[in-house]
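Written below as structure tokens is the structure these notes are about.
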């Protein structure tokens, strides 16, 4: 099977107090077929920046590798990391330059830099939206937004953001057949990039049911 046809997902980004939360579920589909139950959809781009992917897995993985290399080159040349907005602007230029042969992706880029926490969404042709609060992409996003819009609070602590992201994905997975098979969450704070433990995610999910 060609993994460029794997698709279907729910991804979430939250701007919190002093940090961001990025979360996805793990199912990849080919039509009505569940092609993978452990698809990776959150990728670390730089020390304190990550990207979530929805759409074509092959296209997304190519863009991830491209951004990882550009971030390393920038750091070597300038002796400082790229800002979140810098990576987003470069990524948008790449997407826009390929509009006639587009990458079939919907992306979230989030992280922490000298300007503080930030999350941006990008469409397949390079359109950028700076997300000030909470954002969801992918086939399960309508269900996720129902939870996010009800429970998101500005400047919420990062750990509360983790709980909200898990709750939103938990609900999306109940109703969207292309979303499921576990949850992956990262929180990014000035002190580091933290992969949330699966046991902690399971403990949170157990309180929702």
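The values are calculated or read from the model by the stated rules, or taken from the named source; none is laboratory data. Quick caveat, the model's predicted, so the values are computed rather than measured. As a convention, Cβ positions derive from the backbone with ideal geometry for all residues, glycine included, and neighbour counts pool all protein chains shown.
Scanning segment 69-93 for residues that are under 21 Å from residue 124 (Cβ atoms) and touching a residue at least 24 places away in the same chain (Cβ under 8 Å) returns 84, 85, 87, 88, 89, 91, 92, 93.
Can you spot a residue in segment 68-77 that is modelled with pLDDT of 95 or more and in a loop (DSSP other than H, G, I, E, B)? Scanning segment 68-77 turns up no residue that is modelled with pLDDT of 95 or more and in a loop (DSSP other than H, G, I, E, B). From the list 97, 118, 146, 126, the one residue that fits, being more than 17 Å from the chain's Cα centre (by Cα), at pLDDT 90 or above and closer than 27 Å to residue 86 by Cβ, is 97. The set of residues from segment 12-40 being in a loop (DSSP other than H, G, I, E, B) and modelled with pLDDT under 85 comprises 26, 27, 31, 32, 37, 38, 39, 40.
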